[in-house]
Structure formats: C-alpha cells, structure tokens
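One structure is given here, and the rest of the page talks about it.
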Amino acid sequence: MQMWAVYAVLSAVFAAATSILAKIGIQDINSNLATAIRTVVVLVMAWGMVFLTGAQKGIPQISRKSMVFLVLSGLATGLSWLFYYRAIQLGDVSKVVPIDKCSVVISMILAFLILKETVTLKAVIGGILIAAGTLVMIF
C-alpha cells in the first residue's frame, strides 16, 4: 500500500472518531465554544509537530501566494468546523456525517474546474455513487 493511502485511511479513522467524540462532548455546551476548544487542541498539536520535526525553519521561505491560500484554507476550515459542530449538536451524527462527506464530491468538482485535474469516467461514477449514497443515508 502506498504511504498516501495509509495516511488517508488513518485520516478517515480519526475523522470518524472526531464525530462521535464531538457529539458526546458538546451535549451541554455551546457549539461555538466546543469548536474553539477543539481548535486550540489542534493548534497545539500542529505547532508541536512543526517544532518536533524542525519544520519551523521553512517559515521564511513561505511565499505570499502560499500564505494567502493557507489563510483562506484556514478560514474555510474554521467555518466548516463551526457549521459541523452546530449540525451534530442539533442533528443525528449518522445523518450529518454523510452530508458533510459530500465535500468529497464538491472537492472533486472543484479539482476538475480549478486545478484542471483529469476528469475520468471512474471519478464521475464514483462521485455520483457518493452523492446517491448520501441521499439514501439522509432520507
């Protein structure tokens, strides 16, 4: 198995754990406060890894373009988390998660349009199946 696939599987496992742990954790608190607490933990972990691996030495080499897009990505992540936490606080995780995972289909479409990635029949069929599966899960 390629290393990217190992990391992707681990990402999926921890994302699944995130949903369950978050649902339990936000039962008696404001979803925005819960998101802020989660964000602090992620921030500490991320900077811990930066310093543990010595990656902080690369900070001066970050281009303005990269910084702008990383900041925009961070804003998108923050908004995603705020809406996600509110959604799982109000609804069933088993219904919120499939809708949230429609981001896979949206990401594919954006990758084709913006990044000019190759559109393949396999990718189109997979996207359609993901979207159809989401509809089956929520209705």
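Just so you know, all these numbers are worked out from the coordinates, no wet-lab data involved. Because the structure is predicted, anything quoted here is derived from the model rather than measured. Cβ coordinates were reconstructed from backbone atoms using ideal geometry, including for glycine residues, and neighbour counts include every protein chain displayed.
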**Request:** Please label the shape of region 1-110 as rounded, prolate or oblate, based on the square roots a ≥ b ≥ c of the eigenvalues of the alpha-carbon gyration tensor (a/c under 1.5 means rounded; beyond that, a/b larger than b/c means prolate, else oblate).
**Result:** prolate
**Request:** Take the alpha carbon gyration tensor of region 63-139, find the square roots of its eigenvalues, order them as a ≥ b ≥ c, and report rounded if a/c is under 1.5; if not, report prolate when a/b exceeds b/c, else oblate.
**Result:** oblate
**Request:** Provide the per-residue ³J(HN,Hα) series for region 35-52, in order, calculated from phi with Karplus coefficients 6.51, -1.76, 1.60 and θ = phi - 60°, each as a whole number of Hz, with x at glycine and proline positions.
**Result:** 5, 5, 4, 4, 5, 4, 4, 4, 4, 5, 4, 5, 5, x, 5, 4, 6, 5
**Prompt:** Between rounded, prolate and oblate, where does region 100-139 land on the alpha carbon gyration tensor, with a ≥ b ≥ c its root eigenvalues, rounded for a/c under 1.5, else prolate if a/b exceeds b/c?
**Reply:** oblate
**Message:** Taking 35 Å as R0, compute the FRET efficiency from the Cβ-Cβ separation of Ile128 and Ser66 and round it to 0.05.
**Reply:** 0.55
**Prompt:** Taking 0.36 nm per intervening residue step and subtracting the Cα-Cα distance, what contour gain separates Ala36 from Val93 on full extension?
**Reply:** 18.6 nm
